[in-house]
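Novice: Take this structure first; my questions come after.
The values are calculated or read from the model by the stated rules, or taken from the named source; none is laboratory data. Owing to the predicted nature of the structure, the values given are computational and were not obtained by experimental measurement. All Cβ positions, glycine included, derive from the backbone under ideal geometry; neighbour counts span all protein chains shown. Heavy atoms of the whole protein, side chains included, go into the accessibility calculation; ligands, DNA and RNA do not. Shrake-Rupley method; radii C 1.70, N 1.55, O 1.52, S 1.80 Å.
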Amino acid sequence: MYWLAAYISVFVVLQILFGSVDTRLFAFPIGITLGVAWIAILYVMDKEYAHKPWMVSLRSPRTACLLLALTAIFCVLGGSVPQMAGFTTSLPFVALLLALLTNILLVVFNRLHRFSMRRDAAFLAVHAGLCIALFGGMMGAGDTRELCTLVSQKEDVEKAYDRKGHAVPLDYSLRLISFDIEKNKNDGTPVQYEATVLVGDKLRQIAVNSPLAVSLCEDIYLGSYDIRSDGTPTCVLQIVRQPWKYAILAGIVMLLGGVALNLADMTKGGRK
């Protein structure tokens, strides 16, 4: 697997020279166009060079296991080291996910040549589901936006700000009506925070770990709460726009369905 070490090393050097990937460059329709083009290229490669040694190596279970292990290691490192907060957009990590997606797609294309519904349904559901989830996460990264805004009881807010401080207009107004803190009856420690917010002309409840779905692709999360020096209560709301979240969810559901089919087949085989 020297080729994989060389592949990752190249992207490590590129990361040092140019920094992380700017996901905004791959917003719709650029991201989906590149993704579809990559799938088409892999399909042609599998059709023309399926039996070449290098193609067999690319789609081998050994390569898949190695890529999954490296992905897990990267995730653990990225989640445990604060300095690597932007590791998900780093070139080595993106290259690793692209290699994993390539491996899974080649496996799917190869299996389709000799597809049997009874034999391969569970296998393809697992692999196709993982493909869809990865594709949605990678291609949709450019369309995902995280915004923050400060709301109070004094005025309506009609814009939010991205991570670089750029103002983004909202399709609705926001105003804080009240903020409640639920406390533990035994020791008085806070157990839940909930805000009542006027969203447009409707009163809505937003709690920690219970976001408000404004639309199919947009959710509002409750951030922090504070009281200004003049006694005015305020809270920070985080607005997440993620158009691809249902594609990712569909992939996960398909993957779990494939796992369930595999377990059912194993159970039937054990009974026999």
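Novice: Stick to the Cα atoms of the chain, pair each with every other, and give me the Kirkwood hydrodynamic radius in Å at one decimal.
Specialist: This gives a value of 22.1 Å.
Novice: With the chain treated as a Gaussian network of Cα nodes joined by springs under 10 Å, which of CYS217, CYS75, CYS148 yields the largest mean-square fluctuation?
Specialist: In this elastic network of the chain, the residue with the biggest mean-square fluctuation among CYS217, CYS75, CYS148 is CYS75.
Novice: Heavy atoms of the protein only, probe of 1.4 Å, neighbouring chains included. What is the accessible area of TYR49 in Å², nearest 10?
Specialist: Rounded to the nearest 10, the figure is 100 Å².
Novice: Could you work out the pair-distance distribution P(r) of the range 110-170 from its alpha-carbon pairs, with 5 angstrom bin width and percents rounded to whole numbers?
Specialist: Bin by bin from 0 Å, the calculated values are 4, 14, 14, 12, 10, 8, 8, 7, 6, 8, 6, 3, 1, 0.
Novice: Between the range 120-189 and the range 222-257, what is the C-alpha centre distance in whole Å?
Specialist: With the range 120-189 and the range 222-257 each reduced to a Cα centre, they are spaced 3 Å.
Novice: Still on this structure, I have one more. Measuring with a 1.4 Å probe in the full set of protein chains, what accessible area per residue, in whole Å², belongs to the chain?
Specialist: Normalised by residue count, the accessible surface of the chain is 61 Å².
Novice: What are the ³J(HN,Hα) values, in whole Hz, obtained from phi via the Karplus relation 6.51 cos²θ - 1.76 cosθ + 1.60 with θ = phi - 60°, for each residue of the range 168-181 in sequence order, with x given for Gly and Pro?
Specialist: 10, x, 9, 8, 8, 9, 10, 8, 6, 9, 7, 9, 10, 10
Novice: What trypsin sites (Lys or Arg not before Pro) in the range 157-214 are in a loop by DSSP, with at most 15 other Cβ atoms within 10 Å of the Cβ?
Specialist: Here the trypsin sites (Lys or Arg not before Pro) that fit, given the DSSP loop and packing criteria, are ARG163, LYS164, LYS185.
Novice: Related question: Taking the chain as a Gaussian network, where each spring joins two C-alpha atoms under 10 Å apart, which residue of LEU170, LEU261, LEU101 fluctuates the most?
Specialist: Of the options given, LEU170 has the highest mean-square fluctuation.
Novice: Please state, as a whole number in µm²/s, the translational diffusion coefficient that the Stokes-Einstein equation yields for the range 10-96 at 25 °C and 0.890 mPa s, with Rh defined as the Kirkwood radius across alpha carbon pairs.
Specialist: 161
Novice: How large are Rg and Dmax for the range 61-194 when calculated on the C-alpha trace, in angstrom?
Specialist: 22.6, 66
Novice: Then there is this: If you place +1 on the Cβ of every Lys and Arg and -1 on the Cβ of every Asp and Glu, how big does the dipole about the Cα centre of the chain come out, in debye to the nearest 20?
Specialist: The calculation lands at about 1360 debye.
Novice: Can you work out D for the range 137-272 in µm² s⁻¹ from Stokes-Einstein, where Rh is the Kirkwood radius over C-alpha pairs, the temperature is 4 °C and the viscosity is 1.567 mPa s?
Specialist: My calculation gives 73 µm²/s for D.
Novice: Still on this structure, I have one more. Leaving out ligands, DNA and RNA, and with a 1.4 Å probe, what % of the accessible surface on the chain is carbon or sulfur?
Specialist: In the chain, the share of accessible area belonging to carbon and sulfur is 64 percent.
Novice: Once you've got the Cα coordinates, tell me which of LYS159/LYS183; LYS159/LYS245; LYS202/LYS245; LYS47/LYS268 are over 30 Å apart.
Specialist: LYS159/LYS183; LYS47/LYS268
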